[in-house]
Amino acid sequence: MITASLIVQKIVIQLRKDITNGILKEGFHITEASVARNLKVSRVPVREAFRILENEGYIEIILNRGSFVKKILRSNIIENGDIYLLLAPYILRKAIPKYTKSVYKKAHAVLDKIENCDEYCESSYLVWEFAKIIYSPAKLEMSMKIINDIYSQSIRLLNEFFESEKNTKFKIDIHREFIKLCEEKKGEEAIELWINFITEMKEILLEGRPN
């Protein structure tokens, strides 16, 4: 028997995926009735799913107007970017000395997948998969939780970036060079390269964003 909480969870997962992948665009008006109809459920679990998504920052519920896909503002990108730039070097200094042959093998495998990927939505998740590979050896649970939250909120932006015709194929030269430097035991050079890359991506994602 499917419980009420499981139904809510399924609705949340589906809507989160639709928002993240750009199927439901920023500012789109989502109604309980349309979601209930499309997913063949009652409006009660949809209402609960909306509350969860509001808490997660995916939708905005406005009194007497309804629920809308929340816009990502410049201030959000700047704050997330600044936190990421502070955390990344700290994590990498702990992680890089612990890289094993297995880590390098996984990193190269993911980069090969990105290189051969034609689906921009999949590329976004592969980019995060690469990040988890290079950060996880640090075994910094709290720091990784923060980084994970930042990536979860940034996937939408990455999808918009990849959706652009000129960015359909994500360039991974920096990622390859980062791994190469780590393999050559040039950790600080690798970190500097990675920080410069993050800074550049932050500026690219800020282009054209509302205040």
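No value in this document is a laboratory result; all are computed from the given coordinates. Keep in mind it's a predicted model, so treat the numbers as computed, not measured. Using ideal geometry, Cβ is built from the backbone for each residue, glycine included, and neighbour counts are taken over all protein chains shown.
Scale the Cα Rg of the chain by the rule-of-thumb value 2.2 N^0.38 Å and send over the ratio, two decimals. Don't jump to the answer; show the numbers that get you there.
Details: Rg = 19.1 Å, N = 211, 2.2 N^0.38 = 16.8 Å.
Its radius of gyration relative to the 2.2 N^0.38 Å reference: 1.13.
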| request: Could you give the spread of the C-alpha atoms of the stretch 71-193 along their three principal axes, from largest to smallest, in whole angstroms? | output: 39, 31, 22
| At each listed q (0.16, 0.23 Å⁻¹), what is the log10 of I(q)/I(0) that the Debye formula gives for the stretch 1-117 modelled as equal alpha-carbon point scatterers? | -0.89, -1.19
| With charges set only on the Cβ (+1 for Lys and Arg, -1 for Asp and Glu), what does the dipole of the stretch 53-124 come to about its Cα centre, in debye to the nearest 20? | 460 debye
| said: Can you give the local net charge around LYS180? Use residues other than it whose beta-carbon is closer than 13 angstrom to its beta-carbon, Lys and Arg +1, Asp and Glu -1. | reply: -2
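Once you have a ≥ b ≥ c as the square roots of the Cα gyration tensor eigenvalues for the stretch 4-69, tell me rounded if a/c is under 1.5, and otherwise prolate or oblate according to whether a/b is larger than b/c. Display every interim value, and only then the final one.
On the way: a/c = 1.43, a/b = 1.23, b/c = 1.16.
Note, shape of the stretch 4-69 comes out rounded.
Gain in length, SER152 to LEU63, computed as 0.36 nm per residue apart minus the alpha-carbon separation, to one decimal in nm?
Details: separation 89, 0.36 × 89 = 32.04 nm, distance 2.65 nm.
Fully extending the segment from SER152 to LEU63 adds 29.4 nm.
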| query | Magnitude of the Cβ-charge dipole of the chain, K/R +1 and D/E -1, about the Cα centre, nearest 20 debye? | reply | 700 debye
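Using the count of nearby Cβ atoms within 10 Å as a rough guide to exposure, how do PHE28, PHE197 rank from fewest to most? Please report the intermediate quantities before stating the final value.
Working: PHE28 13, PHE197 16.
Ranked by crowding around the Cβ, least crowded first: PHE28, PHE197.
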| request: Using packing as a proxy for protection, rank 152-158, 4-10 so that the peptide with the highest average count of other Cβ atoms within 10 Å comes first. | output: 152-158, 4-10
| task | Show which lysines lie in cross-link reach of LYS185 when reach means a straight Cα distance below 30 angstrom and same-chain residues fewer than eight apart are skipped. | result | LYS94, LYS98, LYS101, LYS105, LYS106, LYS113, LYS132, LYS139, LYS145, LYS169, LYS171, LYS202
| If amide H atoms are built 1.01 Å from N in the plane of the peptide, which residues on other chains or at least 5 residues away come under 5 Å of the amide H of ILE59? | GLU54, LYS70
| query | Normalised by the number of residues in the chain, what is the relative contact order in percent for Cα pairs under 8 Å and 6+ residues apart? | reply | 24 percent
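Calculate the translational D of the stretch 55-95 in whole µm² s⁻¹ from Stokes-Einstein, where the hydrodynamic radius comes from the Kirkwood formula applied to all Cα pairs, the temperature is 4 °C and the viscosity 1.567 mPa s.
Values: Rh = 12.6 Å.
So the translational diffusion coefficient is about 103 µm²/s.
Assigning unit charges at the beta carbon (Lys, Arg +1; Asp, Glu -1) and nothing else, what dipole magnitude in debye, to the nearest 20, does the stretch 4-69 show about its Cα centre?
On the way: 10 positive and 7 negative charges, 54 e Å.
Taking the Cα centre of the stretch 4-69 as origin, the dipole is about 260 debye.
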| task | Compute the distribution of all C-alpha to C-alpha distances in the stretch 65-138, in bins of 5 Å from 0, and list the percent of pairs in each, rounded to whole numbers. | result | 3, 13, 16, 16, 18, 16, 9, 4, 2, 1, 0
